[in-house]
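Single-structure report; data block below.
The values are calculated or read from the model by the stated rules, or taken from the named source; none is laboratory data. Predicted model, so just to flag it, every value in this text is computed and none were measured. All Cβ positions, even for glycine, are placed from backbone atoms using ideal geometry, and neighbour counts span all protein chains on display.
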Amino acid sequence: MKRNSQSAFTLLEILLAIALIALIASALVAGSVSLLKDKPSSPDEVFWQATAQARRTALKEGTDVVLSFDNDKKVFVVDDGTTQNTLPVTSVSKDIGVDFIAAQSNGGDMVLIGGTMVDSQPMPFVTFYGDGTCSPFRVQIRAIGGAHILSVDPWTCAPMLKPLPATP
């Protein structure tokens, strides 16, 4: 008798190949996520993480929470009165400085340094309240390249929306 021999893969071989491909793909995805996660966050990102953590803690516990910046250790400190959580600023520049500024500045506390207007009367900390609001403030982040200011909405403790340009 003659046999008609055809070369083909069995169902088991196909399933094993798919499982092996899935295993390799999951290892590559997990490795790339860990590489991306190790990327240092910008000082702005760390500030917004600290702000969100302070507001979340204030809402959860129903008490006042204080957010400050330790210029020596380069960390944001979230203090609820019993525990202190720190969020380090891992930046390329070690000359990072963060100042909290009152939202209603009269302009008399501003100084021109290296072509950048810098507020010279910072607040030592800002307070987040149990109702989800925070004290009105802005944050000034100073680095080698200059300084920039982030405005914070005191009702939501989120970035302040910029007004739309007036249309004629």
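Annotation note: Cβ proximity below 9 Å between a residue of segment 82-95 that is more than 10 Å from PRO43 (Cβ to Cβ) and modelled with pLDDT under 85 and a residue that is exposed (fewer than 13 other Cβ atoms within 10 Å of the Cβ) and of a type outside the set (Asp, Glu) (sequence gap 6+ or interchain) occurs for PRO88/LYS73; VAL92/PRO40; ASP95/ILE144. Contact map, segment 43-69: residues that are closer than 16 Å to ASP153 by Cβ paired with residues that are part of a helix (DSSP H, G or I) and not aromatic (Phe, Trp, Tyr), Cβ distance under 7 Å, separation 6+ or inter-chain. Pairs shown: LEU67/ALA50; LEU67/THR51; LEU67/ALA54.
Mind listing whichever residues of segment 26-53 are more than 30 Å from ARG138 (Cβ to Cβ), in a helix (DSSP H, G or I) and modelled with pLDDT under 85? Listed by number, the residues that qualify are ALA30, GLY31, SER32, VAL33, SER34, LEU35, LEU36. Restricting the first member to segment 141-160 and to residues that are farther than 16 Å from MET123 by Cα and in contact (Cβ under 8 Å) with a residue 60 or more places away in the chain, and the second to residues that are not basic (Lys, Arg) and not in a strand (DSSP E or B), the beta-carbon pairs closer than 6 Å and six or more apart or on different chains are ALA143/SER93; ALA143/ILE96; CYS157/THR51.
When only residues in segment 122-142 that are surrounded by 13 or more Cβ atoms within 10 Å (Cβ to Cβ) and in a loop (DSSP other than H, G, I, E, B) count, which is modelled with the lowest pLDDT?
PRO122
Only residues that are touching a Phe, Trp or Tyr at 6+ places or on another chain (Cβ under 7 Å) and assigned to a loop (DSSP other than H, G, I, E, B) were counted across segment 54-88, and they come to 1.
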